[in-house]
1. Mind ordering 86-93, 6-13, 48-55 by average Cβ neighbours within 10 Å, highest first?
2. Counting other C-beta atoms within 10 Å, which of Arg97, Arg147 has the fewest, and how do the rest follow?
3. Summarise the long-distance tail of P(r) for region 47-180 by giving the % of C-alpha pairs beyond 21 Å.
4. In whole percent, what relative contact order does the chain give with Cα contacts below 8 Å and a gap of six or more residues?
5. How much FRET efficiency would the formula 1/(1 + (r/R0)^6) give for Lys12 and Asn69, where r is the Cβ-Cβ distance and R0 is 30 Å, rounded to 0.05?
6. Based on the Cβ-Cβ distance from Leu172 to Arg31, what FRET efficiency comes out when R0 is 30 Å, to the nearest 0.05?
7. Please list, or write none, the lysines whose alpha carbon is within less than 18 Å of the alpha carbon of Lys40, excluding same-chain residues fewer than 8 places away.
8. Semi-axes, largest first, in whole Å: what does sqrt of 5 times each Cα gyration tensor eigenvalue give for region 9-75?
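Since every read-out is calculated from the coordinates, none of them should be taken as a lab result. Only a predicted model underlies this, so the values are computations on that prediction, with no experimental measurement involved. A quick note on method: Cβ atoms are made from the backbone with ideal geometry, for glycine too, and the neighbour counts reach across all protein chains shown.
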Amino acid sequence: MEELVQAWVCAKCQHEQTRLLSPEVAAFKERSSWETTCPKCGHAEFQAMSWPRPTPTMDLFEEWAVDVNLSFIEQDEDLYMASADYVPFLEQFVTRRGIPEIKRATLLSALCAIIYENVSDANEPNDSEDESMDPKLGEHVLQFLKRNLYLFDEIDKDYLYGYIARDVLPRLGISLDEPT
Ligand SMILES: [Zn+2]
């Protein structure tokens, strides 16, 4: 099993202590917080805490998708998952029956973020020079969502704000009445 080393650096004496995390712990914010004190000086505050993220797996997504109290990161989970590694899981779980609305909205937002980041905008052709873009990935996700437009009817439109409503939904042929 993949084992991941979490490091805790004392804010007072800079002593570093470490522990091993399983992927099931390291993956989730709620499980990986580490309340501890410095074994050298007894100080309770850390200067830095870090650990590697586990490889995304089916098992981790199975847990995440059904539990509204479980998150991969504190904020912007959709942007965190907006990468090629996550696409197989995003596609599988966004179409699954019975998952909580907030989770489906996060998955759908992540897919929209991938389109935003990887499909060049016809209105801003200069964007297409961006080397960080993966047009093949962007097009793949765009076609996936076009085949599954019903997903947008299953979540509150308030989840689809800002750049998604403005730049992504029109490419899918969806128009929202957004106040400007
Ligand atoms: Zn210390």
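1. 86-93, 6-13, 48-55
2. Result, fewest neighbours first: Arg97, Arg147.
3. More than 21 Å apart: 42 percent of the Cα pairs in region 47-180.
4. Computed value for the chain: 16 percent relative contact order.
5. With R0 = 30 Å, the Cβ-Cβ based efficiency is 0.35.
6. 0.25
7. Lys12
8. On the way: eigenvalues 160, 26, 15 Å².
Equivalent ellipsoid of region 9-75: 28, 11, 9 Å, largest first.
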